[in-house]
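> Let me give you the structure first, and then I'll get to my questions.
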């Protein structure tokens, strides 16, 4: 035991214990009530230039886990030795500013949650909607971190939320509307008008039935806060992740200090905000902090783990992991910062084009700097006014071109909660923006 | 925890469950990953857990845990969750009378016996493969071997245990000169029968071929979809409509279409849990119903939807063995088994005068799973001219509707490939919208 630990340069462990509960109401009927409890740990060891990683679940023997990870790291290093990995220095994090939970969801009886779901369902089921699904979920966990450098820290965490989807159909055509919200306490359901949100999901589905698929092509556009946020996250955020930069898989490699966007564009990643991507310290025990990725169009910083920060120069604090998985560089709350344009001004600027709203997901090729995402819906902009509702619209293009074509940035920043997948791991994030106008973009339609 | 599984069934009955099911699973995997061309990490992952379904008065409760100490509490929660729900008139019962077919080729002892050095060796083969061409480098990739065991028990007498194994390799590459071009390739198998060098080599070749892409005019065209692209689109835009749960809830584009000619008559699709060595092959589905081969489309005609035992009970028919669980932490839901696409094969590219060839698509998950509409970005796409791949295309969006697509299939290649559970050749589709 002692010998193997002496061979390695560093180890750390994250122990997570927690449970999650979900209730699904499908077409007015409870479809599922489920609860999952889990306890486990992810353990890293570094030997020279090689990492060893082990996960253990259930009854934990951390010493054994550290030994196993150390063995993996040292045999990797013996088999395929390479340049030593340096980790940027850390100081133990100060845990402050944890989100306040005013109404603990664990104290709310399950019957009340079921009643809430039924109310949401009734509101989503506006005339024309023939199918609904409402999900409530709640999770709590305790996370403990410790490392061979003597950092020890821990926090408890709780969140809850709901998602509603409504489907309307007519003559073999199906359209869906969706809304969701997450927060740290059950007060979400008192402070937000969740019933109205549910109703909006239903109304969207019904309205989309009548919407047309527009003709695609290159045109000026306005993006709403959600879709502009997806662009900030998918197209810019991912390409600024230090690990992708080091892999040679980012269009933003070697561009620090360059003007890569319109001077109107500032993009920030901030895990200290009490949004869905919040964390007090990251998966390497580094206190979270705000990063300006782009400031006034100039590319300022990558996002870093300790390893990428040491290699590229920068501040760590963006290493994250799903559950017991190995930490990788991730975003937190990522957004385009407010400008000063009004919405009407944007419509006038665009004159003839499209207003794209919401997102049904997207993907990006960070190496080539191209992206594609589908909007939930859109409106044609004709002669500076919103006219017809359209559906099946998607946006694709080159990240750097779009960044340079941003011609107006609004002042109505809003963040939306979501989950981001990378390397097979999902983590909670939020992304957002104010409304933005883009002078030229490729819109896909029917 | 394995030993506790049987005890759990009794405990659930004692806690008030009228029927109960225990799903136990344990997995062990080892992977070796690389960044650029240097091995970066070795990972050893073990997981084990139990999911409990408890039924009280025709209502189902579910809870799961990975802790033996928490098991009794988990069972209590499953039972009390069931009690919160109203009785479900559509609940018929957990499966019973499991008589299981023999399946083969899903467990390879050689995979279980591999040590770290073997795993390192295969990861190096992936990297070496990429170097058969110059001007291109891997960005990331890795080798994984995995071994799993599951046990399904229920109070109706179901008891089935199975072991399985898998190896997989994937690699992402990028070109080094000029405007970068990327590509990837991967392979997964239940046996140690993969040539990992070829995966690396294929990715490099594709990235190099994709360099210096041209722009193309928008329009309607014949498009050949590589098995990667075709399976992605079908999985996202067509398969969800086969799920009986979606059909029963009105969330499927295939409601009321059984017996209808949905596709060209040369096309047949089978959902098959039995084929030798399939990624989705197993003696039973994830709730202990014996696996079977289900004709989904025969000669273009829709034969059936896909059922687990709950949706089958609701429809008054037999389950097609499609209960599926991503992990022990979730109750079963309808999922695909091996999904086999059959169409008369020919020398597809040679027979195509003009059109496009699309290797991969990104954004398939954004498709409308009910209407079948999709709009995706084509990757590693090429023009076809006079029966041969001609020029790479820089950026191409293809859009259409999965149901229309099935009616517009005009050919299949000789390149049948396993893409996870999908087994399909390249498929040629006419009249596809392309925007360059």
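Taken together, the values in this text are just the output of simple stated rules run on the coordinates, not laboratory data. Worth saying up front: this structure is predicted, and the values here are computed from it rather than measured. Heads up, the Cβs are rebuilt from the backbone with ideal geometry, glycines too, and the neighbour counts pull from every protein chain shown.
> What FRET efficiency comes out for residue A:108 versus residue A:29 if R0 is 25 angstrom and r is the Cβ-Cβ distance? Round to the nearest 0.05. Each step should come with its number before you reach the end.
On the way: r = 21 Å, r/R0 = 0.85.
Result of the calculation: an efficiency of 0.75.
> What percent antiparallel are the DSSP beta bridges of chain B, to the nearest 5? Intermediate results must be reported in sequence, preceding the final value.
On the way: 112 of 120 bridges.
Close to 95 percent.
> OK, next. Quick one: helix A:110-124 against the long Cα principal axis of chain A, what's the angle to the nearest 10°, folded into 0 to 90?
So the helix axis and the longest Cα principal axis differ by about 40 degrees.
> Another question about this same structure. Would you mind giving the average projected area, over all directions, of the Cα convex hull of region B:245-302 in nm² with one decimal? All intermediate terms of the calculation are to be shown ahead of the outcome.
Details: hull surface 20.3 nm².
Its average projected convex-hull area is 5.1 nm².
> For residue A:115 and residue A:258, what does the FRET efficiency come to when R0 = 56 Å and r is the distance between their Cβ atoms, rounded to the nearest 0.05?
Efficiency, from the Cβ-Cβ distance: 0.50.
> When every alpha-carbon pair in region A:217-444 is counted, what percent end up more than 27 Å apart? Display every interim value, and only then the final one.
Working: 7232 of 25878 pairs.
Value for region A:217-444 (Cα pairs over 27 Å): 28 percent.
> For the pair residue A:64 and residue A:96, how long in nm is the line joining their label points, each one 7 Å along Cα→Cβ?
Each label point lies 7 Å from its Cα, and together they span 4.2 nm.
> Name the residue, out of A:306, A:290, A:330, whose mean-square fluctuation peaks in a Gaussian network model built on chain A with Cα pairs under 10 Å.
Answer for the Gaussian network model of chain A: A:290.
> Pop a pseudo-label 7 angstrom from the Cα along the beta-carbon direction at both residue A:193 and residue A:292 and give the gap in nm to one decimal.
Rounded to a tenth, the inter-label distance reads 3.7 nm.
> If you don't mind, there's one more thing I want to ask. Taking the DSSP beta bridges in the protein assembly as shown as the whole, what percent of them are antiparallel, to the nearest 5? Walk me through the numbers before you get to the answer.
Details: 231 of 258 bridges.
Restricted to the protein assembly as shown, the bridges split so that about 90 percent are antiparallel.
> Please report B:192, A:303, B:153 as a ranked list, fewest other C-beta atoms within 10 angstrom at the top and most at the bottom. List each step's numbers first, then the result.
Working: B:192 17, A:303 28, B:153 20.
Final ranking by Cβ density, sparse to dense: B:192, B:153, A:303.
> Additional query: Any chance you could check the Cα centroid distance between region B:77-133 and region B:211-261 for me, in angstrom?
26
> Within chain A, what percent of beta bridges assigned by DSSP are antiparallel, to the nearest 5? Walk me through the numbers before you get to the answer.
Values: 119 of 129 bridges.
Rounded to the nearest five, the antiparallel share is 90 percent.
> For the peptides A:8-18, B:256-266, what is the packing order when you average, over each peptide's residues, the other Cβ atoms within 10 Å and list the highest mean first?
Numbers: A:8-18: 20.0, B:256-266: 14.0.
Put in order of decreasing packing, that is A:8-18, B:256-266.
> With each pseudo-label sitting 7 Å past Cα toward Cβ, what's the residue A:426-residue A:412 distance in nm, one decimal?
Placing both labels 7 Å beyond Cα along the Cβ direction yields 3.0 nm.
> Nearest 10 degrees, 0 to 90: what angle lies between the long axis of helix B:196-209 and the longest principal axis of chain B (Cα atoms)?
Helix B:196-209 and the main axis of chain B meet at about 40 degrees.
> Along each of its three principal axes, how wide is the spread of alpha-carbon positions in region B:2-207, in whole angstrom units, largest first?
67, 36, 33
> Here is a follow-up. Sort the following peptides by mean Cβ neighbour count (other Cβ atoms within 10 Å, averaged over residues), highest first: A:21-29, B:392-400. Could you put the intermediate results ahead of the total?
Values: A:21-29: 18.4, B:392-400: 22.2.
Going by the mean number of other Cβ atoms within 10 Å, highest first, we get B:392-400, A:21-29.
> Same structure, new question: Please identify, among B:67, B:189, B:375, the residue showing maximal mean-square fluctuation in a Gaussian network model of chain B using a 10 angstrom Cα cutoff.
B:67
> Still on this structure, please answer the following. Which order do peptides B:200-209, B:402-411 fall in by mean Cβ count within 10 Å, highest first?
B:200-209, B:402-411
> Let me ask another. Please express the Cα-Cα pair-distance distribution P(r) of the protein assembly as shown as a list of whole percents, one per 10 Å bin, running from 0 to the bin with the greatest distance.
Calculated P(r), rounded to whole percents: 2, 12, 21, 27, 24, 12, 2, 0.
> Given region B:363-436, report the % of alpha carbon pairs whose separation exceeds 16 Å.
Values: 1659 of 2701 pairs.
Cα-Cα pairs of region B:363-436 separated by over 16 Å account for 61 percent.
> Hey, another quick one. Would you tell me the mean number of C-beta atoms belonging to other protein chains that fall within 10 Å of each C-beta in A:18-26, as a whole number?
Details: counts 0, 6, 2, 3, 2, 3, 0, 0, 3.
Shielding by partners across A:18-26 averages 2.
> Let me ask you something else. If you take each beta carbon of peptide A:358-371 and count the beta carbons of other chains within 10 angstrom, what is the mean? Display every interim value, and only then the final one.
Working: counts 0, 1, 6, 5, 5, 9, 3, 8, 2, 10, 11, 2, 6, 3.
Partner Cβ neighbours, averaged per residue: 5.
> Classify region A:2-210: rounded, prolate or oblate, from the alpha-carbon gyration tensor (a ≥ b ≥ c, eigenvalue square roots; a/c under 1.5 rounded; otherwise prolate if a/b is larger than b/c)? All intermediate terms of the calculation are to be shown ahead of the outcome.
Numbers: a/c = 3.05, a/b = 2.32, b/c = 1.31.
Prolate.
> Moving on to the next point. Find the relative contact order for chain A and round it to a whole percent, using C-alpha pairs within less than 8 Å whose residues are 6+ positions apart.
Worked out over chain A, it gives 16 percent.
> A follow-up question, please. Which whole-number percentage describes the relative contact order of chain B, with Cα contacts under 8 Å and a sequence gap of 6 or more?
On the way: 1198 pairs, mean separation 68.9, N = 436.
Worked out over chain B, it gives 16 percent.
> Within 10 Å of each Cβ in A:37-47, how many Cβ atoms from other chains are there, averaged over the peptide?
On the way: counts 13, 8, 5, 7, 0, 2, 1, 2, 2, 1, 0.
Mean partner shielding for this stretch: 4.
> Measure nothing but the geometry: give the 0 to 90° angle between the long axis through the Cα atoms of B:71-84 and the longest principal axis through the Cα atoms of chain B, rounded to 10°.
It is inclined by approximately 90 degrees.
> Could you put A:51, B:91 in order, starting from the residue whose Cβ has the fewest other Cβ atoms within 10 Å?
On the way: A:51 24, B:91 17.
Ascending number of Cβ neighbours within 10 Å: B:91, A:51.
> Report the relative contact order of region B:240-314, percent, no decimals, based on alpha-carbon pairs under 8 angstrom and at least 6 residues apart. It would help to have the intermediate numbers written out before the result.
Details: 115 pairs, mean separation 27.2, N = 75.
Here the relative contact order equals 36 percent.
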